[in-house]
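Novice: I am attaching a structure below and will ask some questions about it afterwards.
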Amino acid sequence: MKNFIENIDHIEAYLNGELSPQEHSAFEKRIQTEPEIKEQVESVQDLIKGISFASEKKLKVKLDSVESKLNKESFFKSKEYNMSNTRKFRWIPLAASMAFLVAAGLFFLKPGTTNPDLGKLYAEYYKPDTEVIKEVLDRIEARGLATETNKDDEKLKAALIAYEKYDYKSARTQLSKFLDDFPEDQTARFYMGLTQLNMGNYALAIDYLQPLCTEETFPYKDQAKWYLSLGCTQIEGPDGIILAKKYLNQLVQDNSSAYQKNAKAFLSHME
Amino acid sequence: MDSQQLVKGLIEEEHWAFEKLYKDQFNPLKSYVLRNSGTLDDAKDLFQETIIALMKVIVKPEFKLNDNTKLSTLTYSIGSRLWLMNLRKKKLPIASSDISEMNEDFDTGQEGLEEKIEYEAKHQLIAESLKTMGEECRKLLEFYYFKKIKLKEIAEMLSYTQAFVRVKKNRCMNELRELVTQNPD
């Protein structure tokens with residue numbers, strides 16, 4: 001009985017149909033009678049699929065970053081894309097969408113009314129969060145050291161690490177699952193908002209970020225306001241601009257805000 | 001830049017090559033998706049799937065671009081068929097002019113959503129284990145099993161003998177198998 005390494009070539013030849021008919025049937029007989037061989041064949045099949053899975057995932061991360069760059073250059077925005085307005089809401093439950101629309105005053109998302117200069121301005125000012133996430137991850141880490149490892153914390157951590165690695169699709173999937181169990185979790189809602197923003201789903205981003213701006217217990221209200229304002233500038237129709245200005249003005253008036261300078265500059269460009 | 005350079009850039013997974021492909025090929029496919037019950041988001045997802053399927057085609061040693069096979073035609077052909085397959089699974093309407101493009105036998109290596117979810121769960125662990133391996137093993141396994149590059153060509157790329165690459169590849173497979181067995185969760 002040969003070991004796994006020595007059998008790999010023969011197993012692959014069998015899987016690729018490269019054995020002669022005699023060799024093929026002889027090997028099939030071995031698979032049926034020798035459990036170890038059967039396990040090795042299944043193992044090779046799984047490993048090959050796993051390698052392809054990992055490679056595809058790696059490739060998708062690269063493609064996401066290309067997409068993200070093109071998003072910032074407003075490549076995906078044009079009058080032709082009006083139908084895309086519908087997609088912005090495809091994952092939001094109807095009631096939540098309505099609540100958001102009423103709260104934001106966005107009763108109409110008129111197509112084709114976004115100012116193209118705002119797209120450039122957005123691209124200039126928007127940077128994915130790299131500061132807060134470090135703090136949040138450190139906090140989760142510290143919590144894990146102090147107490148028994150919490151599986152829920154681990155799930156949130158994995159989602160945030162995906163965000164940190166620019167793997168926004170994976171971050172979105174994991175955050176979505178986490179929010180199913182903990183719909184009120186502020187950190188998960190904040191990063192879901194940022195993830196959606198990064199993926200160009202501005203209306204969804206607003207839906208997650210806006211409530212956080214007024215929640216007393218949320219420690220990163222300034223960040224939420226800043227990213228919310230940026231997202232609002234990308235909503236078609238005048239109401240997005242009104243909302244953006246409202247939150248930018250709040251940041252400008254707050255002398256303790258780290259975003260005061262940026263908000264002032266952004267507002268002056270808008271006007 | 002000619003198509004050959006672009007193909008080379010894509011195989012090497014260069015950022016500029018992907019960007020060029022988006023700029024040249026995204027709009028025609030997007031129009032196709034919008035015409036067939038899809039949204040811009042669907043078009044973006046489809047374009048990524050298309051690039052992955054395209055990569056599997058262009059890395060094959062027998063693949064050659066000629067006057068009859070333009071990269072744009074190939075991309076559009078793969079993308080539109082993938083989208084029709086998606087629609088068929090979702091049972092959404094297809095514009096009548098596009099029905100003729102349906103092809104039952106078209107194989108792009110893509111799978112249905114349910115299989116995809118199962119596939120992801122099952123192979124996540126292998127992917128995680130792969131991350132902990134050395135760079136050379138990861139590259140070798142990716143070249144051979146994902147990109148389907150022949151051992152002889154890998155040997156040339158890495159300046160080794162073919163025999164050495166074969167032994168190394170099998171050792172890496174064994175190492176990966178052991179890593180997976182050690183971390184069954």
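Novice: For region A:173-186, indicate whether the set of residues that are over 18 Å from A:ILE140 (Cα atoms), at pLDDT 85 or above, hydroxyl-bearing (Ser, Thr, Tyr) and assigned to a helix (DSSP H, G or I) is non-empty.
Specialist: Within region A:173-186, one or more residues are over 18 Å from A:ILE140 (Cα atoms), at pLDDT 85 or above, hydroxyl-bearing (Ser, Thr, Tyr) and assigned to a helix (DSSP H, G or I).
Novice: Still on this model: Considering only region B:13-70, state which residues are part of a helix (DSSP H, G or I) and of a type in the set (Ser, Thr, Tyr).
Specialist: Correct list: B:TYR22, B:SER31, B:TYR32, B:THR50.
Novice: Just need a number here: residues in region B:127-152 that are of a type outside the set (A, V, I, L, M), over 21 Å from B:ALA53 (Cα atoms) and surrounded by 15 or more Cβ atoms within 10 Å (Cβ to Cβ).
Specialist: 2
Novice: Take the residues of region B:11-57 that are closer than 21 Å to A:TYR202 by Cα and of a type in the set (Asp, Glu): which is surrounded by the fewest Cβ atoms within 10 Å (Cβ to Cβ)?
Specialist: So the residue we want is B:ASP45.
Novice: Hey, can you tell me all the residues within region B:147-162 that are within 12 Å of another protein chain (Cβ to nearest Cβ) and free of Cβ contacts under 8 Å to residues at least 24 places away in the same chain?
Specialist: B:LEU151
Novice: Evaluate region A:217-227: report whether one residue or more is surrounded by fewer than 22 Cβ atoms within 10 Å (Cβ to Cβ), touching a residue at least 40 places away in the same chain (Cβ under 8 Å) and either part of a loop (DSSP other than H, G, I, E, B) or among the hydroxyl-bearing types (Ser, Thr, Tyr) (or both).
Specialist: yes
Novice: Kindly indicate which of B:LYS64, B:LYS8, B:LYS30 is outside the structural domain of B:LYS147 (by TED's automatic domain parsing) and under 15 Å from the mean Cα position of the chain (by Cα).
Specialist: Values: B:LYS64 fails: under 15 Å from the mean Cα position of the chain (by Cα); B:LYS30 fails: under 15 Å from the mean Cα position of the chain (by Cα).
Being outside the structural domain of B:LYS147 (by TED's automatic domain parsing) and under 15 Å from the mean Cα position of the chain (by Cα) holds for just one of B:LYS64, B:LYS8, B:LYS30, which is B:LYS8.
Novice: Report, by residue number, each residue of region A:49-74 that is without any contact (Cβ under 8 Å) to a residue 12 or more places away in the chain, more than 19 Å from B:GLU12 (Cα to Cα) and surrounded by 17 or more Cβ atoms within 10 Å (Cβ to Cβ).
Specialist: Passing the criteria: A:GLY50, A:LEU70.
The values are calculated or read from the model by the stated rules, or taken from the named source; none is laboratory data. Owing to the predicted nature of the structure, the values given are computational and were not obtained by experimental measurement. Cβ atoms come from the backbone with ideal geometry, glycine included; neighbour counts cover every protein chain shown.
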